[in-house]
1. Identify all residues within segment 119-129 that are free of Cβ contacts under 8 Å to residues at least 40 places away in the same chain and closer than 16 Å to Pro82 by Cβ; write none if there are none.
2. Take the residues in segment 96-124 that are within 13 Å of Leu136 (Cβ to Cβ) and small (Gly, Ala, Ser), then tell me which one is surrounded by the most Cβ atoms within 10 Å (Cβ to Cβ).
3. For segment 120-151, give me each residue that is over 17 Å from the mean Cα position of the chain (by Cα) and of a type in the set (Ser, Thr, Tyr).
4. Among the residues of segment 133-149, write down those that are in a helix (DSSP H, G or I) and either surrounded by 13 or more Cβ atoms within 10 Å (Cβ to Cβ) or of a type in the set (Lys, Arg) (or both).
5. For segment 86-129, how many residues are assigned to a loop (DSSP other than H, G, I, E, B) and within 20 Å of Leu72 (Cβ to Cβ)?
6. Can you pull out the residues in segment 38-89 that are farther than 17 Å from Val115 by Cβ, acidic (Asp, Glu) and in contact with a helix residue (DSSP H, G or I) (Cβ under 7 Å, 6 or more places away or on another chain)?
7. Between a first residue in segment 91-118 that is in the same structural domain as Leu80 (by TED's automatic domain parsing) and closer than 25 Å to Arg146 by Cβ and a second residue that is β-branched (Val, Ile, Thr) and at pLDDT 90 or above, which pairs have beta carbons less than 7 Å apart while being 6 or more apart in sequence or on different chains?
8. Quick one: is Ser93 within 25 Å of Pro139 (Cβ to Cβ) and at pLDDT below 90?
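The values are calculated or read from the model by the stated rules, or taken from the named source; none is laboratory data. The model shown is predicted, which means the values in this text are computed figures rather than measured ones. In this analysis, Cβ positions are derived from the backbone assuming ideal geometry, glycine residues included, and neighbour counts consider all displayed protein chains.
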Amino acid sequence: TQRGRVGLVDADPQGALKHWVDWGSKEADAQVPVLYSDHTDPVQNLKLAQPNHDFVVVDCPPSLDMAITCQLMIECDFILIPVLPSPLDLWASTQTIEMIESARKTNPKLKAALVLNQTEPRSAMTRAMQTTIERLGVPVLTTSVRRRAVY
């Protein structure tokens, strides 16, 4: 496990990351990373965060704003692509992978991986998705995020 200073960049206009940070900062003894959430220029926010942090996590919008997302990809070291076990998400992931390949022309060291999100291990769709996404040419994490109901 690596330790270090973590910065967060909320590049999603919906601001979900900012809401999570605000909620987490209200918890007792929570150590919340520094958040850069000015949505006017996420690329500039990333550049501001990089020198002050060992790790910077960027939350991008679920829909691909091509110009901003591609610029962010060029500045990144690693991209983690969450994929829901559905054909629509698989299709969206292929678009993201194409953008990564384009960004690698400028940033050849850019790495990426897929992580299955909201999985139900016994579901036929989840099992089918696991074998299908392995064919996309991007590593798939062995760990997945299971679907859970929070009460």
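1. Answer for segment 119-129, where residues must be free of Cβ contacts under 8 Å to residues at least 40 places away in the same chain and closer than 16 Å to Pro82 by Cβ: Thr119, Glu120.
2. Here the residue is Ala112.
3. Those that are over 17 Å from the mean Cα position of the chain (by Cα) and of a type in the set (Ser, Thr, Tyr): Ser123, Thr126, Thr131, Thr132, Tyr151.
4. Ile133, Arg135, Leu136
5. Residues flagged as assigned to a loop (DSSP other than H, G, I, E, B) and within 20 Å of Leu72 (Cβ to Cβ) within segment 86-129 amount to 7.
6. Within segment 38-89, Asp38, Glu75 qualify.
7. Ala112/Ile79; Ala112/Ile100
8. Yes, satisfied.
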